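Remarks on the structure that follows.
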Amino acid sequence: MAKRLHEGQYRRGGDLYIIHPLKVCNTLIACGMEDDTLLAAALLHDVLEDCQDKLKNNGEEFVTEYGLSPEVLEIITILTKESGLSEKDLQVYFDGIKNNGKTLLIKLSDRLHNSSTLYSFPYEKLVKYIDETDRFIIPIADYGNDYYPEYTNAINLLKSNIFSLNRSMRIMLEKSETEINFLKKEIKELKQDIEILKKNK
Ligand SMILES: [Mn+2]
């Protein structure tokens, strides 16, 4: 069903879109998760956001027509983010996610895959994403560690991988910004030199 709904969609990096939900689900399996509801929701986690045109009943059809458990719909509904949220709404969104162990796990697995494909992000979105990971994702993972002891291993594994990816990306970004600023300064000085030479000619 996820494959059918994401048909014709591609990731920013060029992959078929379905690679992403498969990866999110597969990572959870690798973390030892076996819960069918969790794994089904992982496969469908982006459909309400990205496939509205194909879902006439906002996903209700998963339950009424396709026999999925209402919990799957509940999980993917919590994970669905509207675009252009204010800072306060963003906090509400992430609070909703951390209050459910399964949405938290899927969000972490989702973030891990997205963080490993950050190279495909446009610059501004990249900066924002790295920042959002530090401000919201790491704290909800810490929260999950305290409140969902049954998921501690999975949460820690996901968190430490997200953390390292985010940190290397941030350091690379800072390094390239330093380099760019240095080059800008050099160019400015060269321009001044040229002006002086022109005047003294
Ligand atoms: Mn996703």
Checklist entry - Which residues, taken from the stretch 13-45, are assigned to a loop (DSSP other than H, G, I, E, B), within 16 Å of the ligand (Cβ to nearest atom) and within 18 Å of residue 101 (Cα to Cα)? => result 44, 45
Item to check | Matching residues in the stretch 97-125 - criterion: being out of contact with any Leu (no Cβ under 6 Å at 6 or more places or on another chain), away from the ligand (no atom under 16 Å from the Cβ) and touching a residue at least 12 places away in the same chain (Cβ under 8 Å) | outcome: 100, 101, 119
Checklist entry - Do we have any residue at all in the stretch 123-146 that's small (Gly, Ala, Ser) and surrounded by 12 or more Cβ atoms within 10 Å (Cβ to Cβ)? => result yes
Checklist entry - under 23 Å from the mean Cα position of the chain (by Cα), under 20 Å from residue 24 (Cα atoms) and not polar (S, T, N, Q) - does that describe any residue in the stretch 169-180? => result no
Next on the checklist: As an exercise: evaluate residue 137 against (1) in contact with a Lys or Arg (Cβ under 6 Å, 6 or more places away or on another chain); (2) more than 16 Å from the ligand (Cβ to nearest atom) and give the number of the one condition it does not meet.
Outcome noted: (2)
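Where a number appears in this text, it was derived from the coordinates with a stated rule and is not lab data. If you're wondering where the values come from, they're calculated on a predicted model, not measured in any experiment. Ideal geometry is used to build each Cβ from the backbone, glycine not excepted, and the neighbour counts take in all protein chains shown.
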